[in-house]
Structures are given as C-alpha cells and as structure tokens.
C-alpha cells in the first residue's frame, strides 16, 4: 500500500513538472498572451512656446478678438467679445500617437480661458476648460453633443490666478485628458464621433481660445508616442 502511495505521488509530481515546462516554453500555446502595452515616448519633447514670443502661433483676426501677447513668460489671451484665439502655424505636428501638455490659468472673466482644439487623426476635438458660466469641463463635441451634455461633462471650480496642469493624450484608439492629476476624459475615439463646435473651426489644427475671459498659457509641449505594442 505504501509503495502504491509513493508511486502515485511521484507520478503527480512528474505531471505538474511537465505542465510547468510546457507553459514556460517560448511559443507554447499554453503561454498566456501579454496585455497590450501603452504607447511610449518616441522622440524628444517639442516645445511650442519659447516663453518670449508668439513664434509659430497666429492670432486669429476676427471680429471681437481681444488679441494676444506674451507677458512674464506666458501667452495672454485677452478678453474678447466674445472669442480670442491663437492657432499653430509652425512646423507640422503629430495628429495621432502624441501627448500635449501645458499650464493654464484664468485671470479675468467667468468663462473658458484656455480651451484647447487638437487633432485626433484626421478629425478634431476641443477640451473645454471652464465653459458655460465658468466651471464646465469636457470634450466638445462627442457624438454631436457639447462638452456640457456628453459623457465627459464635469465641473471644476477654477480659481482665478492659479495655474492648472493640462494633459491630452491621443493614441490610435483612445483620447484621454487630465487636469492636474485628475483624469477628466477617456474615450475610444474609434467607436465615437469626435468633432468641434463651429466657433472652433478656425482653431484647427491646433489652437487655444478664451471666451469673454482673459486666460494665460505657458509651457506648451508635445511628445510624440510610439504606437502601442500588440
């Protein structure tokens, strides 16, 4: 009886050892596929603002604009009636697989102060910062709905004079955004319709806008990303 017990135990151990070896073998079908990796930085960070001039940027000359200038190391979007915008007209920038960062603050007024319009492949979208009376944030537009009425709609009580860190990431499948350390958007743009409101059409391909408000922006940078590993 004892010999049979040891024989059965030994056979079980051999079976477990063989299974472990098969799982660890390269190319084994039993080996679980690793999860897709997030995009990684591909090149050096590209600065879109030198802190001294509006080089690379064009101030949109439309009715009611308040104009823009550089003061104390920041771009100042002066209060317009209603909108003041600047648009990038420098070197061509990535449209997909990139991350854009900047700092922005409201100095006067009570509406959006640094709404960012950006490319999503061959389409465009805007991240509204403090719209609809001062606190609404979100993507505009998503499936035809404004930032005030879609799944990314949120509210933040922006303090005047305080700098906020803004980050937008666009990959082959996703559009994500953060304000400081809080993620405020994460959508699969291949499964949703992204677009801009008619007021932001002139801000394509990359633009910054304020509405009845004076806003300031600095440290605008873009980081190309490698496509996600499959």
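Here 127, 116, 156 are screened, and the one residue that is farther than 16 Å from residue 217 by Cβ and in contact with a strand residue (DSSP E or B) (Cβ under 6 Å, 6 or more places away or on another chain) is 156. Of the set (1) surrounded by fewer than 24 Cβ atoms within 10 Å (Cβ to Cβ); (2) free of Cβ contacts under 8 Å to residues at least 40 places away in the same chain, all apply to residue 158 but (2).
Among the residues of the stretch 57-67, those that are in contact with a strand residue (DSSP E or B) (Cβ under 8 Å, 6 or more places away or on another chain) and either closer than 14 Å to residue 202 by Cβ or not assigned by TED's automatic domain parsing to the domain that holds residue 203 (or both) comprise 57, 58, 59, 60, 62, 64, 65.
Here's the yes/no breakdown for (1) assigned by TED's automatic domain parsing to the domain that holds residue 212; (2) closer than 22 Å to residue 205 by Cα; (3) over 18 Å from the mean Cα position of the chain (by Cα):
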site: 79; (1), (2), (3): yes, no, yes
site: 84; (1), (2), (3): yes, yes, yes
site: 94; (1), (2), (3): yes, yes, no
site: 103; (1), (2), (3): yes, yes, no
site: 118; (1), (2), (3): yes, yes, no
site: 122; (1), (2), (3): yes, yes, no
site: 152; (1), (2), (3): yes, yes, no
site: 160; (1), (2), (3): yes, no, yes
site: 164; (1), (2), (3): yes, no, no
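Residues that are in a strand (DSSP E or B) and in contact with a helix residue (DSSP H, G or I) (Cβ under 9 Å, 6 or more places away or on another chain) are absent from the stretch 141-150 altogether.
Yes/no matrix, rows are residues, columns are (1) free of Cβ contacts under 8 Å to residues at least 24 places away in the same chain; (2) touching a strand residue (DSSP E or B) at 6+ places or on another chain (Cβ under 9 Å); (3) surrounded by 13 or more Cβ atoms within 10 Å (Cβ to Cβ):
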| position | (1), (2), (3) |
| --- | --- |
| 149 | yes, yes, yes |
| 179 | no, yes, yes |
| 200 | no, yes, yes |
| 204 | no, yes, yes |
| 210 | no, yes, yes |
| 218 | no, yes, yes |
| 228 | no, no, yes |
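With respect to being surrounded by 14 or more Cβ atoms within 10 Å (Cβ to Cβ), closer than 26 Å to residue 52 by Cβ, in the same structural domain as residue 90 (by TED's automatic domain parsing) and within 12 Å of the chain's Cα centre (by Cα), residue 168 fits the description.
Please specify each residue of the stretch 161-177 satisfying the condition of being assigned to a strand (DSSP E or B), touching a residue at least 12 places away in the same chain (Cβ under 8 Å) and more than 13 Å from residue 104 (Cβ to Cβ). So that I can check it myself, show each step before the final result.
Going through the stretch 161-177, the residues assigned to a strand (DSSP E or B) turn out to be 164-170, 174-177.
Keeping just the survivors that are touching a residue at least 12 places away in the same chain (Cβ under 8 Å) gives 164-170, 174-175, 177.
Selection gives 169, 170, 174, 175.
The values are calculated or read from the model by the stated rules, or taken from the named source; none is laboratory data. The structure presented is a predicted model; accordingly, all values stated were derived computationally and were not measured. Don't worry about glycine lacking a Cβ; one is built from the backbone with ideal geometry, like all the others, and counts go over all protein chains shown.
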